[in-house]
Amino acid sequence: HQLNFRSLGIMSNWVINHGLSALVIVVWLGINIFLFVYYYMFYEYDPRFQYTRAIIGSALAWARAPAACLNFNCLLILLPVCRNLLSFLRGSCSCCRCSARKQLDKNITFHKLVAYMIALQTAIHIVAHLLNFEWFNNSRQSKVETLDTVLSQLGDNTTYWLNPIRSDQTTPTYVAFTTAAGLTGVIITIALIIMITSSTDTIRRSYFEVFWFTHHLFVIFFAGLVIHGIGRIVRHQTSDSMQVHEYKFCQNRTKDWGKIPECPIPLFEGGDPMTWKWVLGPMILYVCERFIRLYRSQQRVVVTKAVIHPSKVLELQMQKKGFKMQVGQYIFINCPSISQLEWHPFTLTSAPEEDYFSVHIRSVGDWTEGMFQAFGENKDEAMNQLQPRIAVDGPFGTASEDVFHYEVSVLVGAGIGVTPFASILKSIWYKYENCDAGLRTKKIYFFWICRETQAFEWFADLLRSLESQMEQLGKRDFLNYKLYLTGWDSTQAAHVKVHIDKETDVVTGLKQKTHYGRPNWDKEFQMIAQTNPKTTVGVFLCGPQALANVLEQCSNKYSEVNPLGVHFHFNKENF
C-alpha cells in the first residue's frame, strides 16, 4: 500500500509539473493526425480528382495529406521564437498559475518538436511527389491508349491540362529543376536539411556560429514555401466540366470524348495556393518581432564597468535608457566589432533594485574570447573612450521570474549556471534592506556545483553579504546554501585537512564549509520535505540536462499525494 501511495504521489506530481505540457502535445498531435486523415480521405475520394487518381493513384493523397500538416506546422514554427511575444504573454499570464506560465519556458522544446514534424511530413511529401512525377512521365511517354495516356495528352494547346509534364522528350529530374514547384521544393528541402543538421546539440554548443548563420536559411525556406504552390501542378476537373462530363460513364469511352454530347473533352484546373494563407500571419508577427529587436539594438548602451573574475569570467555592468528588468531574466548581446550578425544570450546577474544591469560571460568560444579581449582590462575611467560598441536586446522572461511566488525555493546552479541566482539573491538582499512587506519567500535553499575553486570567488562576496545581513536581521535560517567542488587534487585536499578547524571555509572564506563531490539529491530533497511540510516548493535549475533529469525525478518522488502535503514544482532555464 505504501508503494502504491508513493507511485500515486509521483504520478500526481508529474501531472502538476507536466500535465498541461502533455495536453498541449496531445492537442498538437491530434490536430496533425486529423489534418492528415481528413486531407488523405479528401484527395482519395473527392470526385473532382478521379481523373488525377487515374494517372497517379493514391500517391496524390499521400502527397497532399502531409502538405496540409506542413502548412499547420509552418504556421507554428516561428511563434515559439518570438521572444517579445512570449514576454508579453508571460506578463499577461502573471495572474495565472505557475504551471500555465511554465509552458512558455518550453518554447524551444516545442520549436524542435514542430521542426521534427516538418521534417517527417516533408519526407513523406517528397517521396509521394517523386512517385507522382515518375507516373506522370510514364503516362506522358506511353504509346498505349489507356485512360492515363489519353488524359496526359489533353490540353497541349490550352491551360486545361491535367498532366504537368507537357513533353514526351523530358525526364522527371528535368521537370523538378525547371518548374516553380520542383525548383522551390528542392531549395526548401536543402534549406531544411541544413537547418536541422546544424542545430544538433553538438554543433550548437561547439560551433555556435555555424548554427546561427545556417538557421537564417529560414528566410529562404519560407520564401520558397510561399512560391511553391503557384505552379498549381495538382489539378482537378473543373465544376463546369463535371456537370457535362460524368466520370463513371465516360472513363471507358476515351475514343468518344469530344464526339458524343455525353462525353465532351474534360477540362482541368489547378487549386489556389493555400500555404501563404497559413504562414502570412506568423511571418508578419516575426517581422514585427525583428523590427522591435532592431529598434532596441540601436539604443545606446554604456558599459560602466568591466571586471575580470577567475576562471576567465568577464563581468560587464551596463546602463541603457528605459531598461527595466525582473530577476532571472536574460538579454541578447551583440558586439559589432566582433561580429555584425551574432547575438548571444546571457542571464542578468544584477538585481532590479540596482541602477545598472550586468552579465557574467565565461570565455568558452571565439565570440566570448573576443569579448574577453575587448574588455579584458579594468578600464573604469577610460571606459567611455575605449569600449567597443555593445547592442542589447531584451530583457526576456524565464522560469526564474517565478521564484518569489513560492514560500520556499530551491536554487541549483552548475558552473556559470549560477548567474540567474545571483540576480535573485541580490534582489532578496535589497528587499530585506528596504523592509519589503510584499516578499512572500520565507526560505531559500541554494546549491552551487563547480569544478574549480577559483569559480567560487566572484560569487563569495555576495553570499558573505547575505550571511552578515541575515544574522543582523535575526534570519540566519533564511538562506541555506551549500557549495560543492567536484574537481580537486591531493594538494588541495591536504590544505583543507590542515585548516579543517577554522571557523570559515579555506576555499571561499564563508562560514558554510565547501562540500567535496556531488550532492546526494535524495537526501537533500528528503530533508527539505521534512523541514517544510504542507508547502509548495519551487525547484529552479540553470545547468545541464543530465542534472535536470535527476532533479525532476526527485521533485516527483518526494511530492506527496495529499493536496495539503509538500509538493515540489520543477523549473529549468531554457534559452
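Could you check segment 260-281 and list, in sequence order, the residues that are under 30 Å from Leu85 (Cα atoms), out of contact with any Cys (no Cβ under 8 Å at 6 or more places or on another chain) and either open to solvent by less than 50 Å² (accessible area, probe 1.4 Å) or in a helix (DSSP H, G or I) (or both)? Passing the criteria: Pro273, Trp276, Lys277, Leu280, Gly281. Within segment 532-575, the residues that satisfy the criterion of being touching a residue at least 60 places away in the same chain (Cβ under 8 Å) and over 31 Å from the mean Cα position of the chain (by Cα) are Asn532, Thr535, Glu560, Val561.
Out of the residues in segment 316-348 that are modelled with pLDDT of 85 or more and among the charged types (D, E, K, R), which is surrounded by the most Cβ atoms within 10 Å (Cβ to Cβ)? Among them, the one singled out is Lys320.
Among residues belonging to segment 238-259 that are of a type in the set (Val, Ile, Thr) and more than 15 Å from Val150 (Cβ to Cβ), point out the one that is surrounded by the most Cβ atoms within 10 Å (Cβ to Cβ). Here the residue is Thr238. In segment 35-73, the qualifying residues are those that are without any contact (Cβ under 8 Å) to a residue 24 or more places away in the chain and within 17 Å of His125 (Cα to Cα), and the one that is least open to solvent (accessible area, probe 1.4 Å) is Ala61.
Could you list all residues from segment 513-546 that are aliphatic (A, V, I, L, M) and in contact with a helix residue (DSSP H, G or I) (Cβ under 9 Å, 6 or more places away or on another chain)?
Val537, Val539, Leu541
With the condition kept exactly as written, say whether any residue in segment 103-112 is modelled with pLDDT of 90 or more and surrounded by fewer than 16 Cβ atoms within 10 Å (Cβ to Cβ). Yes - at least one qualifying residue is present in segment 103-112.
Filtering segment 109-148 to residues that are closer than 23 Å to Ala61 by Cβ and of a type in the set (D, E, K, R) leaves Glu134, Arg140, Asp148. Of all residues in segment 196-237, exactly one satisfies the criterion of being touching a strand residue (DSSP E or B) at 6+ places or on another chain (Cβ under 6 Å) and open to solvent by 50 Å² or more (accessible area, probe 1.4 Å), namely Arg232. The set of residues in segment 204-250 being in contact with a Ser or Thr (Cβ under 8 Å, 6 or more places away or on another chain) and of a type in the set (A, V, I, L, M) consists of Val210, Leu225, Val226, Ile227, Ile233, Val234.
Only a single criterion out of (1) assigned to a helix (DSSP H, G or I); (2) in contact (Cβ under 8 Å) with a residue 24 or more places away in the chain is not satisfied by Val307, namely (1). Scanning segment 301-318 for residues that are over 18 Å from Thr419 (Cα atoms) and under 29 Å from the mean Cα position of the chain (by Cα) returns a single hit, Val301.
In the set Lys443, Lys497, Lys475, Lys502, which member is at pLDDT 65 or above, basic (Lys, Arg) and either at positive phi or more than 33 Å from the chain's Cα centre (by Cα) (or both)? On inspection, the qualifying residue turns out to be Lys475.
Condition check ((1) touching a Ser or Thr at 6+ places or on another chain (Cβ under 9 Å); (2) at pLDDT below 70) across all residues:
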| site | (1), (2) |
| --- | --- |
| Leu439 | no, no |
| Ile449 | yes, no |
| Leu462 | no, yes |
| Leu479 | no, no |
| Thr514 | yes, no |
| Phe525 | yes, no |
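Which one is modelled with the highest pLDDT, of the residues in segment 170-205 that are more than 19 Å from Val127 (Cβ to Cβ) and touching a Phe, Trp or Tyr at 6+ places or on another chain (Cβ under 7 Å)? Among residues in segment 170-205 that are more than 19 Å from Val127 (Cβ to Cβ) and touching a Phe, Trp or Tyr at 6+ places or on another chain (Cβ under 7 Å), the one modelled with the highest pLDDT is Met195.
Being of a type outside the set (Ser, Thr, Tyr), more than 12 Å from His309 (Cβ to Cβ) and either in contact with a strand residue (DSSP E or B) (Cβ under 8 Å, 6 or more places away or on another chain) or part of a loop (DSSP other than H, G, I, E, B) (or both) is the filter here, so list the residues in segment 360-374 that pass it.
Scanning segment 360-374 gives Val364, Gly365, Trp367, Met371.
Residues that are open to solvent by less than 60 Å² (accessible area, probe 1.4 Å), more than 26 Å from Ile187 (Cα to Cα), in contact (Cβ under 8 Å) with a residue 40 or more places away in the chain and acidic (Asp, Glu) do not occur anywhere in segment 122-145.
Can you name the residue in segment 397-418 that is modelled with pLDDT under 75 and open to solvent by 10 Å² or more (accessible area, probe 1.4 Å) and is also farthest from Met527 (Cα to Cα) among such residues? Looking at residues that are modelled with pLDDT under 75 and open to solvent by 10 Å² or more (accessible area, probe 1.4 Å), I get Ile416.
If you go through segment 191-203 and keep only what is assigned to a helix (DSSP H, G or I) and either β-branched (Val, Ile, Thr) or more than 30 Å from His228 (Cα to Cα) (or both), you end up with Ile193, Ile194, Ile196, Thr197, Asp201, Thr202, Ile203.
The values are calculated or read from the model by the stated rules, or taken from the named source; none is laboratory data. No experiment lies behind these values; they were computed from the predicted model shown. So basically every Cβ, Gly included, is an ideal-geometry build from the backbone, and we count neighbours across all protein chains shown. For accessibility, only protein heavy atoms count, side chains too; no ligands or nucleic acids. Shrake-Rupley method; radii C 1.70, N 1.55, O 1.52, S 1.80 Å.
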